[in-house]
1. How high is the FRET efficiency between Glu152 and Ser9 when r is their beta carbon distance and R₀ equals 45 Å, given to the nearest 0.05?
2. If DNA, RNA and ligands are ignored and the probe is 1.4 Å, what is the ranking of Glu271, Glu36, Glu152 by accessible area, most exposed first?
3. Please label the shape of the range 222-281 as rounded, prolate or oblate, based on the square roots a ≥ b ≥ c of the eigenvalues of the alpha-carbon gyration tensor (a/c under 1.5 means rounded; beyond that, a/b larger than b/c means prolate, else oblate).
4. Output needed for the chain: three equivalent-ellipsoid semi-axes, defined as square roots of 5 times the C-alpha gyration tensor eigenvalues, in descending order, whole Å.
5. Using each residue's phi in the range 77-94, evaluate 6.51 cos²θ - 1.76 cosθ + 1.60 at θ = phi - 60° and report the 3J(HN,Hα) Karplus result to the nearest Hz, with x for Gly and Pro.
6. Heavy-atom accessible area of Glu280 with all protein chains present, probe 1.4 Å, nearest 10 Å²?
7. Apply the Karplus curve 6.51 cos²θ - 1.76 cosθ + 1.60, θ = phi - 60°, to the phi angles in the range 280-297 and return the couplings in whole Hz, x for Gly and Pro.
8. In whole percent, how big is the carbon plus sulfur part of the accessible area of the chain, probe 1.4 Å, protein atoms only?
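The values are calculated or read from the model by the stated rules, or taken from the named source; none is laboratory data. Since this is a predicted model, take the numbers as computed values, not measurements. In this analysis, Cβ positions are derived from the backbone assuming ideal geometry, glycine residues included, and neighbour counts consider all displayed protein chains. Accessible surface is based on the protein model in full, side chains and every heavy atom, while ligands, DNA and RNA are left aside. Shrake-Rupley method; radii C 1.70, N 1.55, O 1.52, S 1.80 Å.
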Amino acid sequence: MTTIWCQWSDLQLPSGFELISKPISELTSEQLERVEFYVPLYMGGINALRPIDSMPNLKVVQLLMAGFDDALPFMRPGIRLFNARGVHDFSTAELTLGLILSSLRGIKQFALDQQNAKWNHQRFDSLFGKRIAIVGAGSIGQKINSFLQPFEVSVEFFGRSKRAGVSDLQDLDASLSEFDVVILIVPLTNETRGLFNAERISRMKSGALLVNVARGAVVNTADLLEALHSGHIKAALDVTDPEPLPAEHPLWRAPNLLISPHVGGNSSAFEPHARKLISEQCTRFASGAPLINEIEW
């Protein structure tokens, strides 16, 4: 019998699994010892990962997020780590498109004007025909591209390794000044931390839009603030550094900026995809078949 902890008490699992779903803080030491397959609470942050240290027989950590950087410090020999690649594609691509359109078409200004009963007719930019860089060529990046295509845009991908249809990150600087929109959807690693700093931001086209739906630390916050205040670029952020963003943080009051509170994957599209993934992984685990989306740490 394999014991799994997951937040959903009605999860459909193959025979041979014992499901525990009561709050992790209420588990006894004996129950924690039995857990071999752990699905940390979605958006539970570090507090959802700390119980890993109290699970001596743990074999599998199945994350419900595509990002995995927070989980790495909790890994130890004998534990395999898997992310939720594919689960958040629709939700994140949908929000990315929404952030772009809201930023270019002045939706934020319209909302502010509505609060003041102000009829403020003016012309804003359009997404039509824009040249766009997507930094990160995984499944979410590909889905974002498919959502953008009806707008007759030109899209170039940049990734950690050069391959068909994807340029190397090292080639990004030479063409940054040509893009109207730059979308970040890379994992947070030593290579991508601070990827967009003052030097790289300065290479961007004047008035271009930087969209971060990756991790906050992929962008240097201080350098971004300077570029926003100077008017060199605009930005739309679903993720920030720090996060959650404190009420007194200057990003809240920065010009040329739209912020959403890390909700890229958290829509009604998330749960059915997540449940399907966990059920499939458990079926694979029970039959001895290879699990998908493994992270080599």
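1. On the way: r = 47 Å, r/R0 = 1.04.
Rounded to the nearest 0.05, the efficiency is 0.45.
2. Numbers: Glu271 70, Glu36 35, Glu152 125 Å².
The ordering from most to least exposed comes out as Glu152, Glu271, Glu36.
3. Working: a/c = 3.59, a/b = 2.84, b/c = 1.26.
The shape class here is prolate.
4. Values: eigenvalues 291, 85, 67 Å².
Ellipsoid semi-axes (Å, largest first): 38, 21, 18.
5. Listing the rounded values in order: x, x, 9, 10, 10, 10, 9, 9, 3, x, 5, 9, 4, 5, 4, 5, 5, 4 Hz.
6. Per-residue accessible area (Glu280): approximately 70 Å².
7. Rounded to whole hertz, the list is 5, 4, 5, 5, 5, 4, 5, 8, x, 7, x, 7, 9, 6, 6, 9, 7, 10.
8. Working: 7380 of 14480 Å².
Ligands and nucleic acids excluded, carbon and sulfur reach 51 percent.
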